[in-house]
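What follows is a short report on a single structure.
Only the coordinates and a few stated rules stand behind these numbers; no lab work does. Here the structure is a predicted model, which is why all the values come from computation and not from measurement. Cβ placement follows ideal geometry from the backbone for every residue including glycine, while neighbour counts extend to all protein chains displayed.
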Amino acid sequence: MSPENLCGSAATHVWTRTVQCSSSHLSGRGRAHHRSHASRNARGARVNSIVTTAGGYFTSEEIDQALAKHKPVLFFLTHGESSTGVVHPLDGIGDICHKHNCLFLVDCVASMGGAPLYMDKQGIDILYSGSQKVLNAPPGTAPISFSERACQKVFNRKTKPVSFFLDMTWLANYWGCDGKPTRIYHHTAPVSAFYSLRESLAILAEQGLENSWQRHKEVAQYFHEGLEKMGLKLFVKDKNARLPTVTTIVAPPGYDWKEITSYIMKNHNLEISGGLGPSVGQVLRVGLMGGNSSKASVDMVLEALRDALRYCHKSKV
């Protein structure tokens with residue numbers, strides 16, 4: 001059975017539900033991990049989690065030990081963890097999963113196109129992303145790929161999926177990638193959104209994937225250097241583990257982070273977010289991805305932060 005590539009007619013949450021083949025083992029310390037955990041629990045799957053500190057990542061040894069202990073059929077990991085600003089190393093994890101007869105599922109919503117990623121080389125079995133991040137397309141569509149190993153698992157289920165809309169047997173036929181001569185209607189797809197996604201992918205291909213990776217890396221480094229010159233600290237201490245598309249800044253001591261973000265929105269028309277999930281109250285989050293990944297955008301954000309720190313109230317306590 002050959003690998004499959006298709007696109008979902010919904011946000012990326014649709015794929016966290018679709019790939020619920022059976023019991024799974026979830027990892028991560030981010031928002032995507034918690035959503036996936038809740039989704040699988042709601043579907044009756046048996047879920048086990050491993051947890052690391054916010055801003056950190058798992059070692060290969062920790063993953064190997066967890067898989068040996070829990071013996072899952074699916075291991076879920078977020079590559080670009082946007083709530084903490086971590087890009088998780090992937091090399092070797094696919095081999096570990098396959099050693100334990102486990103599928104490797106990766107969420108690359110915040111990283112695809114902005115950080116190096118090799119599905120086949122890194123042994124990823126199921127990889128999904130979103131249209132609205134680095135690709136800069138309208139939200140609402142979600143590309144996904146299945147390896148041959150994943151297809152064997154999905155299409156040889158012993159029980160039927162609980163959702164018709166998320167049934168990969170129907171979806172694969174609908175997209176014409178199941179090898180059958182006849183396609184059957186499944187749903188009315190958001191055609192305009194698919195055209196937008198196609199154009200975004202064409203722009204990325206024209207630029208060159210490696211060139212996009214390099215640009216995001218250089219712009220992120222430029223941003224990080226500017227923040228440190230201002231006396232601000234980065235939440236992710238390991239430079240190699242910093243996500244190029246989303247930077248997490250330690251909330252400046254003495255300031256109300258909500259006042260900072262509100263001031264910047266009101267006076268500079270820029271949206272800087274606070275923490276999410278495990279980083280709530282601890283960080284400011286800045287997304288510089290796709291067309292916004294430029295030194296000009298960085299300069300705008302740095303000036304907005306300087307202005308906010310001058311005018312926002314700082315506690316003397």
Once the Cα gyration tensor of the stretch 134-203 is found, what semi-axes does its equivalent ellipsoid get, as square roots of 5 times the eigenvalues, in whole Å, sorted largest first?
25, 14, 12
Of Tyr185, Pro143, Ser200, which is farthest towards the positive pole of the stretch 121-234's charge dipole, taken about the Cα centre with +1 and -1 on the beta-carbons of Lys, Arg and Asp, Glu respectively?
Tyr185
Using a Gaussian network for the chain with springs between C-alpha atoms less than 10 Å apart, which of these wobbles most: Ala304, Ala150, Ala296?
Ala296
Karplus couplings for the stretch 175-187 from phi (6.51 cos²θ - 1.76 cosθ + 1.60, θ = phi - 60°), rounded to Hz, Gly and Pro as x?
8, x, 10, 10, x, 7, x, 10, 9, 10, 4, 10, 7
Helix-only [θ]222 nm of the chain, DSSP H runs n ≥ 4, -39500 (n - 2.57) each, per residue, nearest 500:
-11500 deg cm²/dmol
Going by amide H atoms built from the backbone, whose H comes under 5 Å of the H on Gly274, apart from near neighbours?
Arg285
Considering amide H positions built from the backbone, and no H for Pro or chain starts, which residues 5 or more places from Leu103, or on another chain, come under 5 Å of its amide H?
Leu74, Phe75
About its Cα centre, what dipole magnitude does the chain give when the only charges are +1 on Lys and Arg Cβ and -1 on Asp and Glu Cβ, stated in debye to the nearest 20?
880
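If you count the DSSP beta bridges with both ends in the chain, what percent of them are antiparallel, to the nearest 5? Could the numbers behind the result be given before it?
Numbers: 20 of 34 bridges.
Bridges in the chain are about 60 percent antiparallel.
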The stretch 37-153: Cα Rg divided by the 2.2 N^0.38 Å rule of thumb
1.06
Measuring from the longest principal axis of the C-alpha atoms of the chain, the long axis of helix 257-268 (C-alpha) lies at a number of degrees, nearest 10, equal to 80
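Just want to confirm a number: the relative contact order over the chain, from Cα pairs under 8 angstrom separated by 6+ residues, in percent.
Contact order relative to length: 19 percent.
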From the phi angles alone, apply the Karplus equation (6.51, -1.76, 1.60; θ = phi - 60°) to the stretch 135-148 and give each ³J(HN,Hα) in whole Hz, x where the residue is Gly or Pro.
5, 6, 8, x, x, x, 10, 9, x, 8, 10, 10, 6, 4
Once you wrap a convex hull around the alpha carbon atoms of the stretch 168-252, what is its projected area averaged over all directions, in nm²?
9.4
When the stretch 209-311 is reduced to its Cα atoms, the Kirkwood hydrodynamic radius in Å:
13.8
Helix 31-42 versus the longest principal axis of the chain: what angle, 0 to 90°, nearest 10, using Cα atoms?
40
Connecting C-alpha atoms closer than 10 Å in a GNM of the chain, tell me which of Arg285, Arg306, Arg149 has the biggest fluctuation.
Arg306
Each residue of the stretch 208-225 in turn: what ³J(HN,Hα) in whole Hz from Karplus with 6.51, -1.76, 1.60 and θ = phi - 60°, glycine and Pro shown as x?
x, 4, 5, 5, 5, 4, 5, 4, 4, 5, 5, 5, 5, 5, 4, 5, 4, 5
5 angstrom amide H check on Arg242, placed H, neighbours 5+ away:
Val87
Would you mind giving the average projected area, over all directions, of the Cα convex hull of the stretch 84-189 in nm² with one decimal?
8.5
Ranked on Cβ counts within 10 Å of their own Cβ, fewest leading, Asp167, Asp238 go Asp238, Asp167
